[in-house]
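A.B. asks: Please find one structure pasted underneath; my questions will follow.
No value in this document is a laboratory result; all are computed from the given coordinates. These figures come from a predicted structure and were not determined experimentally. Because the Cβ atoms are built from the backbone with ideal geometry, glycine has one as well, and the counts that use them run over all protein chains shown.
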Amino acid sequence: MVTAVETAIILPILLGFVGLLVVLAGGALAQMTVTSAAAQAARAASLERDPVSAISAARGVAASTLAQSSTDCSSVDVSVNAAGLRAAIGVRAVVDVTVTCLVEFNMGLPGFPDSQRLSATRSSPVDTYRGR
């Protein structure tokens with residue numbers, strides 16, 4: 001009888017702990033993916049010659065990076081600050097990209113979030129002496 005009572009008390013606690021680990025691990029992996037997407041998008045944007053091409057390249061690379069991962073984003077927002085591409089030759093400049101993703105966890109465990117909004121901003125330098 002004592003074993004049944006102990007199991008009835010300990011089992012929900014263990015299941016809650018395992019659920020928490022799964023949600024935390026999924027959130028950490030998703031954050032790494034969003035950060036990687038922002039870094040790759042910033043690099044792709046900094047290689048372009050004009051802001052319009054930079055924005056297009058950044059959005060394409062970010063979408064591709066997120067699609068190739070196991071991260072399930074229900075909505076993605078990519079904002080690009082490509083003002084650095086307008087800087088004069090010889091002036092140091094950067095391109096900034098922010099990727100925001102609403103990650104769906106698909107857990108269905110009571111008390112745990114179903115989704116989380118993750119965001120990462122990364123910068124990439126523009127070649128100082130390259131023609132624009």
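A.B. asks: Could you say whether any residue in the stretch 46-58 is out of contact with any Asp or Glu (no Cβ under 8 Å at 6 or more places or on another chain), of a type outside the set (A, V, I, L, M) and over 25 Å from PRO125 (Cα atoms)?
C.D. replies: no
A.B. asks: Give VAL78, VAL34 a once-over and let me know the one that is free of Cβ contacts under 8 Å to residues at least 40 places away in the same chain, surrounded by 14 or more Cβ atoms within 10 Å (Cβ to Cβ), under 17 Å from THR121 (Cβ atoms) and not polar (S, T, N, Q).
C.D. replies: None of the others qualify; the one that does is VAL78.
A.B. asks: Of the numbered conditions (1) crowded, with 17+ Cβ neighbours inside 10 Å; (2) touching a Gly at 6+ places or on another chain (Cβ under 7 Å); (3) within 14 Å of ALA30 (Cα to Cα), CYS73 satisfies every one except a single condition; which is it?
C.D. replies: It is condition (2) that CYS73 fails.
A.B. asks: Check the stretch 2-12 and report whether any residue there is part of a strand (DSSP E or B) and free of Cβ contacts under 8 Å to residues at least 60 places away in the same chain.
C.D. replies: The answer is no; no qualifying residue exists.
A.B. asks: Whether any residue in the stretch 48-70 is surrounded by 18 or more Cβ atoms within 10 Å (Cβ to Cβ), touching a Cys at 6+ places or on another chain (Cβ under 7 Å) and without any contact (Cβ under 8 Å) to a residue 40 or more places away in the chain is what I want to check.
C.D. replies: yes
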